[in-house]
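Asks: What follows is a single structure, and I will ask about it in a moment.
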Amino acid sequence: MAYKISDDCISCAACESECPNQAISEGDTIYKIDPAKCTECVGSNPSSKCAEVCPVDACVPDPAHKESKDQLLAKWKKLHPGETPKA
Ligand code: SF4
């Protein structure tokens, strides 16, 4: 499932450059994740980079966007045409 950024976000921007899919951007008050681009890092990393680097644990799975690993991998392939998945 896609990740989301909770209200605990302190807008430090640590996550933005870590996302392999450029899914994270600055919102009006806090950072946000585009669920159409978030693959839970499937295809790029063994675990979610944004969650790893967030100092306040604001990057969390979004139950509103439940997807299987196969669906996440298919999304990754659309975002990275011609590349081979690493994870
Ligand atoms: Fe990007 Fe991975 Fe975080 Fe999703 S879980 S927003 S792909 S860094």
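We did not get these values from a lab; they are worked out from the coordinates using the rules stated. Not measured: the values here are computed from a predicted model. Using ideal geometry, Cβ is built from the backbone for each residue, glycine included, and neighbour counts are taken over all protein chains shown.
Asks: How much length, in nm to one decimal, is gained on full extension between K66 and T84, taken as 0.36 nm per residue of separation minus their Cα-Cα distance? Display every interim value, and only then the final one.
Replies: Details: separation 18, 0.36 × 18 = 6.48 nm, distance 2.38 nm.
Length gained, K66 through T84: 4.1 nm.
Asks: Which distance in nm do the two modelled labels at D7 and S47 give, with both placed 7 Å along the Cα-to-Cβ direction?
Replies: With each label placed 7 Å out from Cα toward Cβ, I get 2.8 nm.
Asks: Determine the distance separating the Cα centre of the range 2-27 from the Cα centre of the range 37-81; give it in Å without decimals.
Replies: Answer, in whole Å: 12.
Asks: Compute the helix-to-body angle for 69-79: its Cα long axis versus the longest principal axis of the chain, expressed 0 to 90° and rounded to tens.
Replies: 90
Asks: When N is the residue count of the chain, what does its C-alpha Rg come to as a fraction of 2.2 N^0.38 Å? Walk me through the numbers before you get to the answer.
Replies: Values: Rg = 12.2 Å, N = 87, 2.2 N^0.38 = 12.0 Å.
In units of the 2.2 N^0.38 Å rule of thumb, it is 1.02.
Asks: Give me C38, C9, C19 sorted ascending by neighbouring Cβ count inside 10 Å, so fewest comes first.
Replies: C9, C19, C38
Asks: Once amide H atoms are built 1.01 Å from N in the peptide plane, which residues 5 or more positions from K4, or in another chain, come under 5 Å H to H?
Replies: V60, D62
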